[in-house]
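The values are calculated or read from the model by the stated rules, or taken from the named source; none is laboratory data. All figures in this text were calculated on a predicted structure; none of them were measured in a lab. All Cβ positions, even for glycine, are placed from backbone atoms using ideal geometry, and neighbour counts span all protein chains on display.
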Amino acid sequence: MTRDFQYYTPTKVIFGKNADEQCGAELKAQGASKVLVHFGGASAQKSGLLDKIYASLDKAGLAHISLGGVIPNPLLSLVKEGIALCRKEKVDYILAVGGGSVIDSSKAIALGVPFEGDVWDIFLRKAAPSVAMPVSAVLTIAAAGSEMSDSVVITNEEGLLKRGFNSNLVRCKTAFMNPELTYTLPAYQTASGCVDILMHTLERYFLRDTMDITDRIAEGLMQSVIAQSKIVMKEPNNYDARANIMWASSLSHNGLTECGSLRDFAVHALEHELSGMFGVAHGAGLAALWASWARYIYKDCPERFAHFATAVMGVDKGDTDATALAGIAALEKHFHELNMPTSISALGVELTAEQIKELAYKCSFSGTRKPGALHPLEIADMEKIYSMAK
Ligand code: NZQ
Ligand code: ZN
């Protein structure tokens with residue numbers, strides 16, 4: 001039976017060649033006066049993108065300051081630096097120039113500036129914010145979907161805890177999406193992004209009693225991402241393939257593939273502990289874990305896994321269990337073809353027995369939650385999945 005749902009996607013999308021050059025006029029129209037341009041390491045500087053952004057802001061007559069240095073799996077310490085800077089400089093708008101890490105760092109700053117306490121308390125659910133500064137994003141990597149999602153994920157270097165927060169407060173006002181900006185991505189980041197995009201839909205797909213129209217949108221999205229990712233790995237400057245993947249990144253995590261269904265996100269929960277502790281690329285971490293989770297869990301709903309196998313991966317073994325397992329193997333093979341890891345050791349991390357226990361305990365939020373909706377995971381389940389994925 002179709003579940004009740006709310007669908008809210010307030011982000012304005014400006015998509016296409018030169019979309020990034022429209023940021024000044026757009027922010028001006030939204031009432032910005034002083035903008036923090038937040039960015040990551042070297043890529044936006046090296047490509048000349050930052051200069052184009054500053055020129056667009058100048059042209060619109062907007063004052064701006066900048067703060068770079070966001071690393072993948074963004075850190076709380078830089079968020080705090082950004083909060084102090086925005087307060088001191090009386091910034092009233094944040095423009096993220098980068099990927100999920102830069103956008104999430106921007107969202108956390110936006111939550112923290114008007115918040116009186118420690119911003120980390122929001123991530124620990126000890127405090128509930130009621131306002132946030134406006135954030136927009138110039139997207140440079142198709143992956144996390146943060147440009148349209150209600151989510152922000154930050155790592156606290158004290159204890160290496162990676163924690164997320166979901167709220168409509170952190171939805172971007174505008175996403176500037178120029179597929180050409182992703183041409184410079186290293187193949188590993190492109191592939192890792194494609195895995196993350198698939199996962200955002202897959203993590204909403206295996207629930208029982210989903211809605212037919214949502215299923216078909218989800219299946220079409222996944223088929224397209226699989227096909228386009230094969231193209232883009234061979235032709236990094238293929239505009240249409242980059243455009244399809246970029247749009248899929250937003251649609252996969254803006255709630256569209258969740259309507260009438262639920263979020264499971266168990267694999268994400270398991271992965272966030274991995275990338276929090278070891279700093280691995282998020283999508284690569286998902287690729288390393290997914291098949292182990294799927295093989296551990298599929299007996300809860302073999303028909304659904306078999307449906308995925310035939311509808312998305314095009315395999316049918318005539319028998320439900322065999323088809324379900326063949327579908328899992330087929331997606332794993334696709335990850336291999338993208339040169340993505342399908343085990344934790346292939347990520348360059350050799351887990352000890354103690355580390356497996358630590359990961360599972362952290363993932364349970366010290367014994368207070370069971371990640372997943374299809375099969376809520378106990379600590380023992382998580383230890384088994386990490387061990388299977390080792
Ligand atoms: O720092 P620079 O030099 O820019 O390099 C980045 C970074 O090293 C590079 N890059 C980005 N655009 C580039 C580029 N290199 C060349 N050319 C370009 N055009 O790519 C690397 C990865 O960037 P990052 O922003 O970390 O990637 P991604 O978008 O995958 O974001 C990952 C983060 O998002 C979180 C993840 O957990 C992780 O912390 N997520 C956020 C979500 C959300 N807010 O909705 C949902 C996701 O499930 C995810 O958890
Ligand atoms: Zn993700």
(request) Could you tell me whether any residue of the range 135-157 is touching a residue at least 24 places away in the same chain (Cβ under 8 Å), more than 19 Å from residue 72 (Cβ to Cβ), out of contact with any Lys or Arg (no Cβ under 6 Å at 6 or more places or on another chain) and more than 16 Å from ligand 2 (Cβ to nearest atom)? (result) no
(message) Need pairs with beta-carbon distance below 6 Å; first residue farther than 16 Å from residue 56 by Cα and within the range 6-21, second assigned to a strand (DSSP E or B) and β-branched (Val, Ile, Thr); sequence gap 6+ or separate chains.
(response) 12/174
(request) Would you be able to say whether some residue in the range 119-131 is away from ligand 1 (no atom under 16 Å from the Cβ), at pLDDT 95 or above and assigned to a helix (DSSP H, G or I)? (result) yes
(message) Quick check on the range 186-198: of everything there that is within 7 Å of ligand 1 (Cβ to nearest atom) and in contact (Cβ under 8 Å) with a residue 60 or more places away in the chain, which residue is surrounded by the fewest Cβ atoms within 10 Å (Cβ to Cβ)?
(response) 189
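Scanning the range 143-153 for residues that are of a type outside the set (Asp, Glu) and within 8 Å of ligand 1 (Cβ to nearest atom), which turns out surrounded by the fewest Cβ atoms within 10 Å (Cβ to Cβ)? Before you say what the answer is, go through the steps one by one.
Filtering the range 143-153 for residues of a type outside the set (Asp, Glu) gives 143-146, 148-149, 151-153.
Still in the list and also within 8 Å of ligand 1 (Cβ to nearest atom): 143-146, 149, 151-153.
Working: 143: 31, 144: 24, 145: 24, 146: 30, 149: 26, 151: 22, 152: 29, 153: 26.
It comes out as 151.
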(message) Go through (1) away from ligand 1 (no atom under 15 Å from the Cβ); (2) not assigned by TED's automatic domain parsing to the domain that holds residue 289 for residue 163 and report which single condition fails.
(response) (1)
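For the range 333-347, enumerate the residues that are in a loop (DSSP other than H, G, I, E, B), within 17 Å of residue 232 (Cα to Cα) and of a type outside the set (S, T, N, Q).
Taking the range 333-347 first, the residues in a loop (DSSP other than H, G, I, E, B) are 338-344.
Remaining after also requiring within 17 Å of residue 232 (Cα to Cα): 338-340.
Matches in the range 333-347: 338, 340.
Just to be sure, is residue 170 outside the structural domain of residue 103 (by TED's automatic domain parsing) and in contact (Cβ under 8 Å) with a residue 24 or more places away in the chain? Before the answer, list the steps.
Values: outside the structural domain of residue 103 (by TED's automatic domain parsing): no; in contact (Cβ under 8 Å) with a residue 24 or more places away in the chain: yes.
No; evaluated as a whole, the condition is false for this residue.
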(message) Checking the conditions here, which among 159, 164, 145 is in a loop (DSSP other than H, G, I, E, B) and either charged (D, E, K, R) or within 26 Å of residue 308 (Cβ to Cβ) (or both)?
(response) 145
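Being without any contact (Cβ under 8 Å) to a residue 40 or more places away in the chain, surrounded by 20 or more Cβ atoms within 10 Å (Cβ to Cβ) and within 17 Å of the chain's Cα centre (by Cα): is that true of residue 102 here? So that I can check it myself, show each step before the final result.
On the way: without any contact (Cβ under 8 Å) to a residue 40 or more places away in the chain: no; surrounded by 20 or more Cβ atoms within 10 Å (Cβ to Cβ): yes; within 17 Å of the chain's Cα centre (by Cα): yes.
Answer is no for this residue.
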(request) Considering (1) surrounded by 22 or more Cβ atoms within 10 Å (Cβ to Cβ); (2) closer than 18 Å to residue 203 by Cα, say which one residue 296 fails and leave the rest. (result) (1)
(message) With the requirement that a residue be among the polar types (S, T, N, Q) and within 16 Å of ligand 2 (Cβ to nearest atom), what does the range 158-188 give you?
(response) 166
(request) Those residues that are surrounded by fewer than 24 Cβ atoms within 10 Å (Cβ to Cβ) and under 19 Å from residue 27 (Cβ atoms), I need them from the range 105-130; list them, please. (result) 113, 114
(message) Please verify whether residue 115 is away from ligand 1 (no atom under 14 Å from the Cβ), of a type in the set (Phe, Trp, Tyr) and at negative phi, treating the condition exactly as stated.
(response) yes
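Between 79, 97, 119, 102, which is β-branched (Val, Ile, Thr) and out of contact with any Phe, Trp or Tyr (no Cβ under 9 Å at 6 or more places or on another chain)? Spell out the reasoning first.
Numbers: 79 fails: out of contact with any Phe, Trp or Tyr (no Cβ under 9 Å at 6 or more places or on another chain); 97 fails: out of contact with any Phe, Trp or Tyr (no Cβ under 9 Å at 6 or more places or on another chain); 102 fails: out of contact with any Phe, Trp or Tyr (no Cβ under 9 Å at 6 or more places or on another chain).
Among 79, 97, 119, 102, only 119 is β-branched (Val, Ile, Thr) and out of contact with any Phe, Trp or Tyr (no Cβ under 9 Å at 6 or more places or on another chain).
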(message) Suppose the filter is within 18 Å of the chain's Cα centre (by Cα), surrounded by 21 or more Cβ atoms within 10 Å (Cβ to Cβ) and more than 30 Å from residue 303 (Cα to Cα); does residue 177 pass it?
(response) yes
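Look through 309, 360, 324, 330 and report the one residue that is in contact with a Gly (Cβ under 8 Å, 6 or more places away or on another chain), surrounded by 20 or more Cβ atoms within 10 Å (Cβ to Cβ), modelled with pLDDT of 95 or more and not in a loop (DSSP other than H, G, I, E, B). Let's see the steps before the verdict.
Working: 360 fails: in contact with a Gly (Cβ under 8 Å, 6 or more places away or on another chain); 324 fails: in contact with a Gly (Cβ under 8 Å, 6 or more places away or on another chain); 330 fails: surrounded by 20 or more Cβ atoms within 10 Å (Cβ to Cβ).
The match here is 309.
Within the range 1-109, considering only helices (runs of 4 or more DSSP H) that don't extend past its boundaries, which have at least 2 residues that are within 15 Å of ligand 1 (Cβ to nearest atom) and at pLDDT 95 or above?
Values: elements: 23-29, 43-46, 49-59, 76-89.
The helices (runs of 4 or more DSSP H) meeting that bar are 43-46, 49-59, 76-89.
Is at least one residue of the range 200-214 near ligand 1 (Cβ under 10 Å from one of its atoms) and either at pLDDT 95 or above or more than 14 Å from residue 254 (Cβ to Cβ) (or both)? Show your work before the answer.
Keep residues of the range 200-214 that are near ligand 1 (Cβ under 10 Å from one of its atoms), which gives 200, 203.
Within this subset, residues satisfying the condition of being either at pLDDT 95 or above or more than 14 Å from residue 254 (Cβ to Cβ) (or both) are 200, 203.
Yes, there is a match, as at least one residue in the range 200-214 is near ligand 1 (Cβ under 10 Å from one of its atoms) and either at pLDDT 95 or above or more than 14 Å from residue 254 (Cβ to Cβ) (or both).
Please tell me if residue 85 is touching a residue at least 60 places away in the same chain (Cβ under 8 Å) and either of a type in the set (Gly, Ala, Ser) or surrounded by 14 or more Cβ atoms within 10 Å (Cβ to Cβ) (or both).
On the way: touching a residue at least 60 places away in the same chain (Cβ under 8 Å): no; either of a type in the set (Gly, Ala, Ser) or surrounded by 14 or more Cβ atoms within 10 Å (Cβ to Cβ) (or both): yes.
The answer is no for residue 85.
Pick out the one residue from 127, 191 that is on the phi < 0 side of the Ramachandran plot, small (Gly, Ala, Ser) and away from ligand 2 (no atom under 16 Å from the Cβ). Walk me through it before giving the result.
On the way: 191 fails: away from ligand 2 (no atom under 16 Å from the Cβ).
None of the other options fit; the residue is 127.
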